[in-house]
Structures are given as structure tokens and as C-alpha cells.
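Note sheet for the following structure.
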Amino acid sequence: MKFTMPALKSPKEYVAAFYRWRQRRIFSKNRIEFYEDLATAYTDGVPIIAHLDQASATEGKHGSPTLSSALALVQRRYSENSERPFADALAGFTPESERMLLRAAELSGKFPATLRFTAETAQRVGRMKRTIKEAIFSPLIAVSIAGYTMWQFATELTPLLDDVISPEDWTGAALALRWMSKAIVYGGRPVLALLAIVAVICYYQAPKWTGAKRRVIDELPGFSMYRDYHGALFIVSYASLLGAGVGQIEALQMIAQNAIPWVRWHCNTIANRLAEDPTSPGLAFNTGVLPLKVANRLINLADRSNFNEQIEKIGLSIIAQTDERFQDFSGGLGVGIELATGILLVLMTFGIAMVTTQFHPTL
């Protein structure tokens, strides 16, 4: 097979690509305010194109020129294809899940209400994602610093002491210190490699693994956090589609189109259950896509009130609860890591002190 090198882009093309990336990034960061302002303008009877013109001009004069150009691009897209849904003009600037809601809202006549709900949802989801990043990276940084400190100690200081002290003279805390250093030197790399392999496998298989066995695994730490995060996003998207006037089964089918296999399996299972027994929507959601406590809540609400209205009300509260669970997990994990790191550093310091005291004349 003949190999051909891809054509290199000119500097202008790279600059243009960077500028488009900047447009998408800035628009995405400001999309919550965009949704809210557009909802207000639409309610006041201002045409979408006129609102985009005004918003672009205001940003150009008093705000961000990049955001102004992004708004102008959206306006141009919509004016050139006004027969298509407005959500299509936002392609590349907003997530597909949000554009899906706006398309449904335009058809149902609930455009302003859905815009406001989407803005509130995006705000809470963004907060939850920031919490998740903190829950992952803060402990990772602490572990990295502690690991580097122990690695330096095991590879630099202990060999230096080995040169002046014979192995049979290491006793007590000093001996424990020596064995800990040996464990770090000879076992550190294999353990890190194993953890990296497990992390890669989980990263690629977690979205794909489905079925009844996966439901059991989703109750375990780590997998339960994955379930909570994607389950919260799913239920909010579902509630948003119901609020936009989409039917229960149709909403599930729309979510499944662009979802990861794990969410798609739950969507299909719920849809099949609703098709078989539409009178028990709460029980249909008991597939493991949500924590048991939340699933039971849906069952209770469905039995005594309008399910569509209730699921929309609790959608955002589930996001808030998931955010709190991640904060609690992050705090507990951080305390545990700090405690373990502190104990190890104290043992290392105590071992060094014992070695220095025991072999002071030799050193």
C-alpha cells in the first residue's frame, strides 16, 4: 500500500483554524447568557436575526470582537437558511445535546421556556464538571508530589546510606526505612504500569460495557461516580425534552442517537419497558442508570402525580445532588491522601533520624 504524506497547511490556514477554535471556545463560555438574552428577546417579540445583529454590534463596540464575529456567523447561517431550525445555526458553538432540545422546542412552541431551562441546566452541569475535575486532579497532584518525594528518597538517599552502612547493621526503624525504599525502587514502576493499564482499560471500556452485570459493577466505588455523572446528564436531557413537548419514548430515542453505548442501552431498555407498560413510567427507569435512591424517588413520584411534570422538577436537583456527592468524595479522598502522605513522610523522617543517631560516627 502506497503511503502519501498529508498536505501541509499554509500559515494562513493554521491562523484561520485557531481563530475558529477561539470563536467556538468564547461562544461556548458565554452561551448561558446568550440563551437567557435570546429567551427574553423572543418573549418580547424581537426576531432572532434582529437580536443577533444587535448582540453582535454591542459585543463589537464594548465587548469581545471574537464573540462579536461568532454571533455574526450564527446570524449569517440562520439568515441564509431560515427555513431550517435555529439550532442548526449553532452547530460547532454549542453541544449537540443542547441543540437537540432547541430543535424540539421550536417545533413545540416552547422556545423561550426551553432556552431558560437549557441555560440553567448548562450552568449546573458546568459546575458539576468543574467539581469532577477538582475531585480528580487535586488528589492526583498531591499523590504526584508525595510520590516524587519518596522516589527521590528511595533512589538518592538510601543508596548513599548503603555505601557507608553494611546491610546487617540496619535495625528497627532504619531497617523498615530500607525495605520501604527497596519496595519503591523495585515495585514502583510495575505498580504504576499496572495502574496505568487498568485506567486505560476502564476509560475505553466504561462507555461500552452494558447489560445486567454492568449494573452490579456500577454500585462499586469509581464506577458509581461514572454512573452518577452520566445518569444525571441523561435525566436532565430527558426532562428538558419532555418540557419541550417531546413524548416519552421519542425523547429516549433522540437521546440514544448521540449517546455513548452505556446510555444508549439504558435508553433502549427504558423505551421497551414504557412500550410494554406505559402506566408505570417510574418502574421503567429502574435500570441502573440512576442511583437506587433517585430511582425509588421517580417510582414514588410517578405513582402519585404527573410523571412528566415531576421529572422536570427533579432534573436539576439531581444535578445538584450529584455535584454534592462529588464534592464529598473529593474532600474525603483529599483528607485520606494527605493523611497517608503525612504518615509516610513522618516514617521516612523518623527512619532518617534513627539512622543518623545510630551510625553518627560512621556518617
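The values are calculated or read from the model by the stated rules, or taken from the named source; none is laboratory data. On a predicted model such as this, the values are computed, not experimentally measured, just so you know. All Cβ positions, glycine included, derive from the backbone under ideal geometry; neighbour counts span all protein chains shown.
Among the residues of segment 254-273, is any under 30 Å from Val143 (Cβ atoms), within 20 Å of the chain's Cα centre (by Cα) and part of a helix (DSSP H, G or I)? Yes; the residues of segment 254-273 include at least one that is under 30 Å from Val143 (Cβ atoms), within 20 Å of the chain's Cα centre (by Cα) and part of a helix (DSSP H, G or I).
Listed here are the residues, each with its yes/no results for (1) outside the structural domain of Arg22 (by TED's automatic domain parsing); (2) in contact with a helix residue (DSSP H, G or I) (Cβ under 8 Å, 6 or more places away or on another chain).
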| site | (1), (2) |
| --- | --- |
| Phe86 | no, yes |
| Glu106 | yes, yes |
| Gly109 | yes, no |
| Ala113 | yes, yes |
| Arg116 | yes, yes |
| Val125 | yes, yes |
| Met128 | yes, yes |
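For segment 81-102, the tally of residues that are in a helix (DSSP H, G or I), hydroxyl-bearing (Ser, Thr, Tyr) and closer than 19 Å to Trp21 by Cα stands at 0.
Across segment 229-267, the number of residues qualifying as closer than 16 Å to Arg215 by Cα and in contact with a Leu (Cβ under 7 Å, 6 or more places away or on another chain) comes to 2. Within segment 61-79, the set of residues being of a type outside the set (Ser, Thr, Tyr) and modelled with pLDDT under 90 comprises Lys61, His62, Gly63.
Looking only at segment 307-363, which residues are part of a loop (DSSP other than H, G, I, E, B) and modelled with pLDDT of 70 or more?
Once the filter is applied, which keeps residues that are part of a loop (DSSP other than H, G, I, E, B) and modelled with pLDDT of 70 or more, segment 307-363 yields nothing.
For segment 193-202, the criterion of being in contact with a Ser or Thr (Cβ under 8 Å, 6 or more places away or on another chain), modelled with pLDDT of 85 or more and on the phi < 0 side of the Ramachandran plot is satisfied by no residue at all.
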